[in-house]
Amino acid sequence: AVIKMYRNQGIGRSIIQAAMDHAGSVGMESIYLNSQLQAKSFYERLGFQEYGDVFFEANIAHISMIKKLQLI
């Protein structure tokens, strides 16, 4: 999560991209995450796809997401 005053500056994208790069470099084939529904489009722009049903965690609607990685 990025503190609200620092959002929309590419910080979250950079963090997720670094995690994807590292995961691919160590041979992981996919990344799985649970996104708050309000953030789903952020992850979709990074190539994640939703799967499964909406569920609630801490009274906030979430959806599971996956991204297949290109191995480095």
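The values are calculated or read from the model by the stated rules, or taken from the named source; none is laboratory data. Every value quoted in this text rests on a predicted model; they were computed, and no experiment measured them. Note: ideal-geometry Cβ built from the backbone for every residue, glycine included; neighbour counts use all protein chains shown. What goes into the accessible areas is simple: the full protein's heavy atoms, side chains included, and nothing from ligands, DNA or RNA. Shrake-Rupley method; radii C 1.70, N 1.55, O 1.52, S 1.80 Å.
For GLN9, state whether it is assigned to a loop (DSSP other than H, G, I, E, B), surrounded by 10 or more Cβ atoms within 10 Å (Cβ to Cβ) and either at positive phi or among the polar types (S, T, N, Q) (or both). Step through it out loud before you land on a result.
Details: assigned to a loop (DSSP other than H, G, I, E, B): yes; surrounded by 10 or more Cβ atoms within 10 Å (Cβ to Cβ): yes; either at positive phi or among the polar types (S, T, N, Q) (or both): yes.
When the stated conditions are applied, GLN9 passes them.
Any residue in segment 46-72 that is at positive phi sitting within a Cβ distance under 6 Å of a residue that is of a type in the set (Val, Ile, Thr)? List the pairs, counting only those 6 or more apart or interchain.
Once the first residue is at positive phi and sits in segment 46-72, no partner that is of a type in the set (Val, Ile, Thr) comes close enough.
Kindly indicate the residue of segment 27-46 that is open to solvent by 40 Å² or more (accessible area, probe 1.4 Å), more than 9 Å from MET65 (Cβ to Cβ) and not charged (D, E, K, R) and also farthest from the chain's Cα centre (by Cα) among those meeting that condition.
GLY27
Working only within segment 16-26, note down all residues that are free of Cβ contacts under 8 Å to residues at least 12 places away in the same chain, of a type outside the set (Gly, Ala, Ser) and either surrounded by 15 or more Cβ atoms within 10 Å (Cβ to Cβ) or part of a helix (DSSP H, G or I) (or both).
HIS22
Within segment 55-72, how many residues turn out to be open to solvent by less than 80 Å² (accessible area, probe 1.4 Å), assigned to a strand (DSSP E or B) and not aromatic (Phe, Trp, Tyr)?
Residues meeting the conditions: 8.
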